[in-house]
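What follows is a set of notes on a single structure, which appears directly below.
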Amino acid sequence: MRTLLAAGLALAAATAAAAEIALDARRSGYDFARPEIRAMQDDETANPGMLWVLQGESLWARKADAAAKSCQDCHGDAAVSMKGVAARYPAFDPVLARPLDLEQRVNRCRSEHQGAEPLAWESEDLLALTAFVARQSRGVPITVTASPTLRPFLDLGKELFHQREGQLNLSCSQCHDDNWGKRLAGSVIPQGHPTGYPIYRLEWQSLGSLQRRLRNCMTAVRAEPFDYGAPQAVALELYLMERAGGMPMDAPAVRP
């Protein structure tokens, strides 16, 4: 922890004003991973995230007790109906008048159309369903766009991305715009593009959502993390997806 603190303070001291990454210079976390990690992700028989995808496929066809209705009953073949869906989330919900991320969309479908209880954040079933849905968009370019309804939330997300946080007084942009490719506490700093979520992280030995990763980052700079599902967390997700616009989805990704 002392090493991380020292490295963070040095990074904060050395960093100038943040500059956005040029479109032709963008690279996903896959590009920064070691060859053996890339090989693990590429081989579906070796990618641990596929265990959740298979579980999600089973849940997709399972009828909820209350409404006796499954995801499949409404949406049919996920390979067709869900292709490209994860690439455009978070998306604006006109009833709630705010954006929802993919996890929240799954839970809203459960409560509204299946009469089922929402699944807990980071629960095996929620991770499995989102992994299964996201898997259908592998290779599809991210298409989150700045529509008028999303603009205020995108602006908030961008503000949060550039806002210094915590005792280390670091912003997301200082690491992921200004210092990507360098090392912090022995690890390569990626550009922070959310192309592969939910991801299997070797450090976690588990699958995890983008919100879990954001909370990890906030804890690392000694800031108070957002609650799961908080509007600020979704706004930050939204901005990150717009920032990665055009990059192909590669969920479930494997990362160090």
(message) Here's a check for you: in the stretch 116-138, which residue that is more than 16 Å from the chain's Cα centre (by Cα) and not acidic (Asp, Glu) is farthest from residue 48 (Cα to Cα)?
(response) 116
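Is there a residue being assigned to a loop (DSSP other than H, G, I, E, B), farther than 22 Å from residue 85 by Cβ and of a type outside the set (A, V, I, L, M, F, W, C) anywhere in the stretch 207-221?
Going residue by residue through the stretch 207-221, those that are assigned to a loop (DSSP other than H, G, I, E, B) are 209, 221.
With farther than 22 Å from residue 85 by Cβ added as a condition, the list becomes 221.
Checking the rest, the ones that are also of a type outside the set (A, V, I, L, M, F, W, C) come to none.
There is no residue in the stretch 207-221 that is assigned to a loop (DSSP other than H, G, I, E, B), farther than 22 Å from residue 85 by Cβ and of a type outside the set (A, V, I, L, M, F, W, C).
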(message) Could you list, ordered by first residue, the pairs with Cβ atoms under 9 Å in which the first is in the stretch 94-108 and outside the structural domain of residue 59 (by TED's automatic domain parsing) and the second is surrounded by fewer than 19 Cβ atoms within 10 Å (Cβ to Cβ), at least 6 apart or interchain?
(response) none
(message) Restricting to the stretch 210-252, give me the number of residues that are among the hydroxyl-bearing types (Ser, Thr, Tyr) and touching a Leu at 6+ places or on another chain (Cβ under 9 Å).
(response) 1
(message) For the stretch 209-244, give me the residue count where each residue is small (Gly, Ala, Ser), surrounded by 18 or more Cβ atoms within 10 Å (Cβ to Cβ) and farther than 14 Å from residue 163 by Cβ.
(response) 3
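Quick check on my filter: what residues within the stretch 185-203 are surrounded by fewer than 17 Cβ atoms within 10 Å (Cβ to Cβ) and aliphatic (A, V, I, L, M)?
At the first step, the residues of the stretch 185-203 found to be surrounded by fewer than 17 Cβ atoms within 10 Å (Cβ to Cβ) are 185-188, 202-203.
Passing the criteria: 185, 188, 202.
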(request) Answer yes or no as to whether residue 3 is at pLDDT below 95 and either in contact with an Asp or Glu (Cβ under 8 Å, 6 or more places away or on another chain) or under 22 Å from residue 194 (Cβ atoms) (or both). (result) no
(message) From the list 166, 157, 181, exactly one residue is buried (at least 17 other Cβ atoms within 10 Å of the Cβ) and on the phi > 0 side of the Ramachandran plot. Which is it?
(response) 166
(request) Mind listing whichever residues of the stretch 63-83 are basic (Lys, Arg) and modelled with pLDDT of 95 or more? (result) 83
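Counting just the residues of the stretch 114-154 that are hydrophobic (A, V, I, L, M, F, W, C) and within 30 Å of residue 178 (Cβ to Cβ), which one comes out surrounded by the fewest Cβ atoms within 10 Å (Cβ to Cβ)? Talk me through it step by step, then tell me what you get.
Within the stretch 114-154, the subset hydrophobic (A, V, I, L, M, F, W, C) is 116, 119-121, 126-129, 131-134, 140, 142, 144, 146, 150, 153-154.
Add one more test, that the residue is within 30 Å of residue 178 (Cβ to Cβ), and what stays is 134, 140, 142, 144, 146, 150, 153-154.
Working: 134: 29, 140: 17, 142: 24, 144: 22, 146: 14, 150: 21, 153: 22, 154: 21.
For the stretch 114-154, the residue satisfying everything is 146.
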(request) Answer yes or no as to whether residue 137 is among the polar types (S, T, N, Q), under 21 Å from residue 222 (Cα atoms) and touching a residue at least 60 places away in the same chain (Cβ under 8 Å). (result) no
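The values are calculated or read from the model by the stated rules, or taken from the named source; none is laboratory data. Quick caveat, the model's predicted, so the values are computed rather than measured. Here the Cβ is made from the backbone with ideal geometry for all residues, glycine too, and neighbour counts use every protein chain on show.
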